[in-house]
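The block underneath contains the structure these notes are about, expressed in structure tokens.
The values are calculated or read from the model by the stated rules, or taken from the named source; none is laboratory data. Everything quoted here is computed from the prediction, not taken from an experiment. Cβ atoms come from the backbone with ideal geometry, glycine included; neighbour counts cover every protein chain shown. SASA here: full protein model, heavy atoms, side chains in, ligands and nucleic acids out. Shrake-Rupley method; radii C 1.70, N 1.55, O 1.52, S 1.80 Å.
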Amino acid sequence: MADYNTMELMICTAARELEDGASVGVGTGAPCAAAMLSQKTGSPNLTILFEAGGAAPLIPEMPISVGDSRTTWKALMASGMCEIMETACRGMLDYTFLGGAQIDMYGNLNSTRIGPDHQKPKVRFPGSGGANDFASFCWRMMVMTPQDPKRFAEKCSFITTPGWLEGGDSRAKSGLPLGAGPYKIITNMAVMDFEPESKRMRIVAVNPGYSEKDVQDNCGFELLKAPKIIDNPPPTAEELHILRDVIDPYRYVIGR
Amino acid sequence: MDVIAQGSGKIFTDPDADKARSFFRTKNRKLESKVMTVKDAVEKFVHDGDYLVLGGFGANRIPASVAHEILRQGRKNMGFAGHTSTHDFQILCAGEVFNKLDVAYIVGLEARGLSPNARKYMESGKVDVSEWTNYSLSVRFKAAAAGVSFHPARNVMGTDTFKFSGGKIIACPFTGTKYIAQPAIYPDIAAIHVHEADIYGNCRVRGITVSDFDVARAAKRLIITCERLITNDEIRRDPSLTVIPYWCVDAVCEVPFGSYPGNMYGEYFSDEDHLREWMKVEQDPDEFKKFLDKNIYSCKDHFDYIDRNGGIRKMQMLRQKEFMFIGARS
């Protein structure tokens, strides 16, 4: 098997989650690469939507912005923010991929700030953008992120984007649309999902070269384990070829 | 309607629809020429303390010439909507133009990384911050465009984004479902860059419209910059292409390459080298000051800025880059 880096592994793992005929709201970088790879492998009829208005493009190469011209390459529609988010709110977006500076055991994400003082934060991040919206509305929210104990935090400094909130039925009680929520967390070491009752994060697959202990050691909270934990397969030669030579030849994302 | 919960964030603009109506009652509906320079438009329509919205998305179809002119004229204490505001936000932070901010996406330039100076300004304690999301700000403009005081939505609930917003959670009078009521933003001033406009302000936009359709209608005053002026006959030839009507518009400024260094759909791609240079010089305050003096403060106008950064040759190269993929459409 060819060599690959962890970003390539995460993108290939994510791409396999998107079935043909599904719709996905994506951001720039790794999520976009995953959607493009999926479209060029198993799911040619994957509908990709960008929050700024690009709908159903056949993207030629990695966009720099979710609003740049490439997001409407051979698209079916060039619309706007409300159109895309309302489509998601109506229940017509199946998936979204997100990231963040922190994630907790319920899949809540922080991309706003570190530190207690809101007007004078220790570190200011960009904020939600469309992440809170996609996570609120898309049926299955997925996260792609490197795994380390600081990022996988016991408690987020600020919950920008909803996961399962405080677990159990707290998300449903909050008023967010029923049935939507975090689905899978894809890291360099493993794939996690959420235990159906408590909504706590649990290991379902471990990546080549890592053990369950590695995954737990690089997590700031206790992970549950699925009844059967599988080995996540490595990227195939075909996936790597498409990713490296077609989607991201300048290594904007996979070179990180 | 009972309020179930509310955020602690401030609301920087008055959502009162009747007050907005009395303003719009006085707005000019005459079909008369509004062509002027960016300098004159900013002098006339942008004031200290105003709430400002810039159109486009980050570094795509942004009214860069207006943002620069606001710095040159030294506007201060403004309110601003950070609605995926990337390079435009970077420019306004360089001039410390605003001190009240509705945040959806700021500080970052998407895949290009984070702006050190914008981040420094946001960590300085000088800015009063309310948290929202891109969709939240979109529906706040939509409420204003519809002439009402709020718009319900189903995002934001359960998060700290809600706690630090100015939204209120209410129950639907029909179903009992919870919604967040998001207050209308009637901006004092907005600037939007479009592909084509006539002298009265009827505008055409190609590609994505983001929230500009609603922003144009929500704003009390609106400056349009356009890649090119077209005739009113051309507008009337196909009215289905008009996305902003003249009665929303106060100034029309013809600024070719007006989104530079940003991307303009079907016209030119972003100048990634120049944007990288911005990020780099921001790391050193002295270098940054020199850079701003060269590119903004000592420039007469947008053409001067473009001349100092490669001029028409650079613009032609960015056009070709855009057409590498746009032009291949058939």
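Odds and ends about this structure:
- Test set (1) within 13 Å of chain A (Cβ to nearest Cβ); (2) in contact (Cβ under 8 Å) with a residue 12 or more places away in the chain; (3) among the polar types (S, T, N, Q) - B:T175 fails condition number: (2)
- Residue satisfying all of: in segment A:13-56; crowded, with 24+ Cβ neighbours inside 10 Å, in contact with a Phe, Trp or Tyr (Cβ under 8 Å, 6 or more places away or on another chain) and not small (G, A, S); nearest to A:G130 (Cα to Cα) among these: A:E51
- Lone unmet requirement of (1) more than 16 Å from A:K184 (Cβ to Cβ); (2) not in a loop (DSSP other than H, G, I, E, B) for A:I230: (1)
- Identity of the residue in segment B:96-117, in contact (Cβ under 8 Å) with a residue 60 or more places away in the chain and of a type in the set (G, A, S), that ends up nearest to B:K10 (Cα to Cα): B:S115
- No other residue among B:V205, B:V252, B:V243 is crowded, with 23+ Cβ neighbours inside 10 Å, β-branched (V, I, T) and within 14 Å of another protein chain (Cβ to nearest Cβ) apart from B:V205.
- Some residue of segment A:146-159 being buried (at least 24 other Cβ atoms within 10 Å of the Cβ), closer than 28 Å to A:V253 by Cα and small (G, A, S): no
- When A:A190, A:A131 are checked against the criterion of being within 9 Å of chain B (Cβ to nearest Cβ), of a type outside the set (S, T, Y) and out of contact with any Pro (no Cβ under 8 Å at 6 or more places or on another chain), A:A131 stands alone in meeting it.
- Exactly one residue out of A:S69, A:S65 is buried (at least 20 other Cβ atoms within 10 Å of the Cβ), facing another protein chain (nearest Cβ under 8 Å) and within 18 Å of B:Y135 (Cα to Cα): that is A:S65.
- Here B:F213 qualifies as within 14 Å of chain A (Cβ to nearest Cβ), over 25 Å from B:N77 (Cβ atoms), open to solvent by 20 Å² or more (accessible area, probe 1.4 Å) and modelled with pLDDT of 95 or more.
- Positions within segment B:145-161 being over 18 Å from A:K173 (Cα atoms), in contact with a Pro (Cβ under 7 Å, 6 or more places away or on another chain) and not aromatic (F, W, Y), in sequence order: B:S149
- Search result, residues across segment A:77-90 that are in contact (Cβ under 8 Å) with a residue 12 or more places away in the chain and more than 26 Å from A:C12 (Cα to Cα): A:M77, A:A78, A:S79, A:G80, A:M81, A:E83, A:M85, A:T87, A:C89
- Taking segment A:1-111 and the helices (runs of 4 or more DSSP H) fully enclosed by it, the elements with 2 or more residues that are among the β-branched types (V, I, T) are at A:6-15, A:81-89.
- Only a single item in (1) open to solvent by less than 10 Å² (accessible area, probe 1.4 Å); (2) over 22 Å from B:I208 (Cβ atoms) is not met by A:F125, and it is number (1).
- Restricted to segment A:166-219, and to residues there that are among the polar types (S, T, N, Q) and within 16 Å of the chain's Cα centre (by Cα), the residue that is farthest from A:A101 (Cα to Cα) is A:N188.
- On the stretch given as segment B:263-304, residues that are within 18 Å of B:R228 (Cα to Cα) and in a loop (DSSP other than H, G, I, E, B) total 5.
- Taking each residue of segment B:10-37 that is open to solvent by 100 Å² or more (accessible area, probe 1.4 Å) and looking for partners that are not in a loop (DSSP other than H, G, I, E, B) with beta-carbon atoms closer than 8 Å, six or more apart or interchain, yields B:K10/B:K100; B:K10/B:D128; B:K10/B:S130; B:R29/B:W247.
- Long-range neighbours under 8 Å by Cβ, at least six apart or interchain, first residue in contact (Cβ under 8 Å) with a residue 60 or more places away in the chain within segment B:270-294, second among the charged types (D, E, K, R): B:S270/A:D68; B:E272/B:R112; B:L275/B:R112; B:R276/B:R112; B:M279/B:R112; B:F288/B:E282
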